[in-house]
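Let me begin by presenting the structure, written as structure tokens, before commenting on it.
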Amino acid sequence: MLALTELGKRLKEARIEKGLSLEDLQKETKIQKRYLAGIEEGNYDLMPGKFYVRAFIKQYCEAVGLNVEQTFEQYQADIPSAQHQVAPEELSRVKTRTKEVAPKNSKVLDALPKAIIAAVVVGVLVLGWVIALYINKDDKEQANSTDSQVESQSEQSSDAQKEDSNDDSEQASTKTDENKEAEKKEAEKKEAEKKEAAKKEEEKESDKDESKSKLTTVEGAANPGTYKLEGADEFKLELTATATTPSWVGVTNGKGNSFFSSMLQKGKTETIDLTNEQDVKIRVGFAPGVEVKVNGEVVQYPSDPKQNVTQNVFIQYDGSEANSES
């Protein structure tokens, strides 16, 4: 059995920390268990090729809440390079390019370089599709399928360049799409304004109780990052994902009961009512991408998130104090 690489150790620790087995990770990433084990052991000979190794490592990082770019940079010595490789961040954007069409040109020779670029893009899309859906197929079958679909997509792209007679209808369709997009943006703007107005109203209500509610650091506590919530009639916790990289977040009480344990995607906010709890632990897998608020007040992490991406925050709350004052 091969010795674990530094990268393999880090990935395995992150997986265990999330409470995932290799079987659980296989279900989440759709990558065969033997490949996942090979990544942890540094046994890349099991993989179909160097490109697959990098793609599988990226999916592994995302599944366990590790920053892909930081991981690739920190453990580049353990990750094989591949000629004409696609960067990890480009892999996550491949599917957004499926609707790209090479611009039309009346001269076939002038359009040839653009047709080649379009064919390369299509090839990358097909490869990503094959990895996601048919990873358990024979390597030779994958290559044949990829080649045939690349050829088909290339022919379609070439035919599209010769259809000059459809220019007028396509331009009209483009204008219609632009109008729809403008209407959509206007609707989103109005919705954002409504949310902003509601948020300001909530902030006004929160300001009324500011003199009563107080979140203070507990000095000399056994756990760094321990806060005490005083003078509050309620204990509302807000978790907001602010970065592109999703982050795992877990919320438990002193008895070990779980209130939230999941990946938090960008732009998503999870609100949890913990008014009936006295001791709460918040564990964040990727702290730079998650904002933690208690009753609308931002909670500072105990250490620099850029240095320590995994953070623990403890909140002590005694709602009886606020109730007795009222």
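Checking ASP164 against (1) in contact with a Ser or Thr (Cβ under 7 Å, 6 or more places away or on another chain); (2) at pLDDT 85 or above: exactly one of these is not met. Which one?
(2)
Condition first: closer than 25 Å to PRO288 by Cα, modelled with pLDDT under 95, outside any helix (DSSP H, G or I) and open to solvent by 90 Å² or more (accessible area, probe 1.4 Å). Can you find one or more residues in region 87-95 that meet it?
Yes; the residues of region 87-95 include at least one that is closer than 25 Å to PRO288 by Cα, modelled with pLDDT under 95, outside any helix (DSSP H, G or I) and open to solvent by 90 Å² or more (accessible area, probe 1.4 Å).
Condition check ((1) among the hydrophobic types (A, V, I, L, M, F, W, C); (2) touching a helix residue (DSSP H, G or I) at 6+ places or on another chain (Cβ under 9 Å); (3) under 27 Å from VAL68 (Cα atoms)) across all residues:
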site: ASN253; (1), (2), (3): no, no, no
site: PHE259; (1), (2), (3): yes, no, no
site: GLY267; (1), (2), (3): no, no, yes
site: GLU270; (1), (2), (3): no, no, yes
site: GLN278; (1), (2), (3): no, yes, no
site: ALA287; (1), (2), (3): yes, no, yes
site: VAL299; (1), (2), (3): yes, no, yes
site: ASN312; (1), (2), (3): no, no, yes
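For residues that are assigned to a loop (DSSP other than H, G, I, E, B) and not hydrophobic (A, V, I, L, M, F, W, C), scanning just region 219-239, find the one that is nearest to ILE282 (Cα to Cα).
GLY225
Mind counting the residues in region 260-292 that are part of a strand (DSSP E or B), over 18 Å from THR226 (Cβ atoms) and open to solvent by 60 Å² or more (accessible area, probe 1.4 Å)? Before you say what the answer is, go through the steps one by one.
Initial filter on region 260-292 (part of a strand (DSSP E or B)): 260-264, 269-273, 279-284, 290-292.
This time we only want the ones that are over 18 Å from THR226 (Cβ atoms), so: 260-264, 269-273, 290-291.
From what is left, the residues that are open to solvent by 60 Å² or more (accessible area, probe 1.4 Å) are 261, 269-271, 273, 291.
Residues flagged as part of a strand (DSSP E or B), over 18 Å from THR226 (Cβ atoms) and open to solvent by 60 Å² or more (accessible area, probe 1.4 Å) within region 260-292 amount to 6.
Kindly list the number of the only condition in (1) in a loop (DSSP other than H, G, I, E, B); (2) over 23 Å from LYS200 (Cα atoms); (3) in contact (Cβ under 8 Å) with a residue 12 or more places away in the chain that fails for LYS255.
Failed condition: (3).
Could you list, in sequence order, the residues of region 302-317 that are in a loop (DSSP other than H, G, I, E, B), within 9 Å of GLY225 (Cα to Cα) and open to solvent by less than 40 Å² (accessible area, probe 1.4 Å)?
Scanning region 302-317 gives no hits.
Here is a list of conditions, (1) assigned to a loop (DSSP other than H, G, I, E, B); (2) at pLDDT 95 or above; (3) among the hydrophobic types (A, V, I, L, M, F, W, C), and CYS61 meets all of them except one; can you say which number that is?
(1) is the only condition that CYS61 fails.
Looking at region 1-48 only, could you name the residues that are open to solvent by 20 Å² or more (accessible area, probe 1.4 Å), hydrophobic (A, V, I, L, M, F, W, C), closer than 16 Å to VAL64 by Cα and not in a helix (DSSP H, G or I)?
If the condition is that a residue be open to solvent by 20 Å² or more (accessible area, probe 1.4 Å), hydrophobic (A, V, I, L, M, F, W, C), closer than 16 Å to VAL64 by Cα and not in a helix (DSSP H, G or I), then LEU20 is the only one that fits.
The values are calculated or read from the model by the stated rules, or taken from the named source; none is laboratory data. A quick note: this is a predicted structure, and the numbers were derived from the prediction, not measured. As a convention, Cβ positions derive from the backbone with ideal geometry for all residues, glycine included, and neighbour counts pool all protein chains shown. The protein model used for the area step is the full one, side chains on, heavy atoms only, and it has no ligands, DNA or RNA in it. Shrake-Rupley method; radii C 1.70, N 1.55, O 1.52, S 1.80 Å.
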